[in-house]
């Protein structure tokens, strides 16, 4: 193998090495463990990565001269705590030497006993699988025992010698199954970003095939703190009340099947609401109702065993079709009025006049006119319809 000479010894210049590699941002986490007496240990790590899904392996890189690492390594287990953008002071405290790093820091034990830090974005509890020597660092590979997202929000990053955070203009799913829809969304994402900035809402793009809907992309951040960032790729079964905004524009046979299991009186009222959605072009969602639906879906997802990747069911959830009826949205209706509208939904259409994508605006600034947000949503849906039909 040919041996290359370092160009001007730049590869051996630590300052130059850091300067070049500093152009690649890295996440910031705290690796925790317990020492032999049961006391908590923690050190800041800027090089952490996933390694394998099956089996579930992750890895972090530790400076071999670190005194904290020298105490963590013998334990044979550790927990990676992903820090949030607002946890820079915590990061600096754990990076300091000599101080009691856990003074005033809340934590609870993971399955291995390693500390899970309060308010961390996410945590990954591991047993050490293997340690590889790599120059002045060790590569510590851990087998994942348990993991979870605890407090979803922007993560802390280290970039060009300083700390910061990343805020995406928009995010989109990567999945060949939705190749056609994602090609359209590549063109539509600037429109979504513009509407998100204009309205101060989170804009979400959804695909629906009549059986389930999938969250494909999102842009912006909701002004209402009750609305959290959606999980791209999440799927839900289409059954009342999920998908009312889509079924309002579906064929008669699909609507009949959608409403088939409802009591006759609820079915009739759903038909009235579907008619109003067709006339106004959008559906509304109330906070009191949407929060119940989300909570139920989360409970069922957690309780399900062996159903990874399958859509969620609502089955016997009781709802009032009027909650989704846009008829009460008047020109002077403001966000925060009763009832409390938390989101609006509307579809775009293909060249045959069938819905092809759906869009949701969620988390409006308080006191703003709800109709202005509905107009922005409908404008987005029309623009995406134009992109899909070549009439943009």
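Each value in this text was obtained by applying a stated rule to the coordinates, not by laboratory testing. Everything numeric in this text was worked out from a predicted model, so none of it was measured. Don't worry about glycine lacking a Cβ; one is built from the backbone with ideal geometry, like all the others, and counts go over all protein chains shown.
Stretching the chain fully between residue 382 and residue 183 yields a gain of 69.9 nm (0.36 nm per residue, less the alpha carbon separation).
Shown for 26, 199: other C-beta atoms within 10 Å of each C-beta, ranked fewest to most, produce the order 26, 199. Taking a ≥ b ≥ c as the square roots of the eigenvalues of the Cα gyration tensor of region 88-241, is the shape rounded (a/c under 1.5), prolate (a/b larger than b/c) or oblate? Judged from the Cα gyration tensor, region 88-241 comes out prolate (a/c at least 1.5, a/b above b/c).
Once the Cβ-Cβ distance between residue 211 and residue 288 is put in as r, and R0 is 22 Å, what FRET efficiency do you end up with, to the nearest 0.05? Rounded to the nearest 0.05, the efficiency is 0.20. Helix 264-280 and the longest principal axis of the C-alpha atoms of the chain enclose an angle of approximately 80°. At full extension, residue 139 and residue 375 could sit 79.6 nm farther apart than now, given 0.36 nm per residue minus the alpha carbon distance. In terms of its C-alpha gyration tensor, region 170-389 has a rounded overall shape, because the principal axis ratio a/c (a ≥ b ≥ c, square roots of the eigenvalues) stays below 1.5.
Based on Cα contacts under 8 Å between residues 6+ apart, region 174-237 shows a relative contact order of 27 percent. For region 105-185, would you read off the P(r) tail past 23 Å as a percentage of all alpha carbon pairs? Percent of Cα pairs beyond 23 Å in region 105-185: 53.
Residue order for 88, 239, fewest other beta carbons within 10 angstrom first, comes to 88, 239. Under the criterion of Cα pairs below 8 Å and six or more residues apart, the relative contact order for region 7-165 equals 27 percent. Calculated [222 nm] ellipticity per residue, helices only, for the chain: -8500 deg cm²/dmol; basis is -39500 (n - 2.57) per DSSP H run with n ≥ 4, divided by all residues, nearest 500.
Under a Gaussian network description of the chain, with springs only between Cα atoms under 10 Å, the residue in 45, 130, 289 that fluctuates furthest is 130. Each Cα pair under 8 Å and six or more residues apart adds its sequence gap; the mean of these over the residue count of the chain is a relative contact order of 13 percent. Ranked for footprinting exposure by Cβ neighbours inside 10 Å, fewest first, 277, 180, 232 give 180, 232, 277. Cβ-Cβ distance of residue 149 and residue 338, R₀ of 51 Å, FRET efficiency by 1/(1 + (r/R0)^6): the value works out to about 0.95.
On full extension, the segment bounded by residue 15 and residue 64 gains 15.7 nm, given 0.36 nm per residue less the C-alpha separation.
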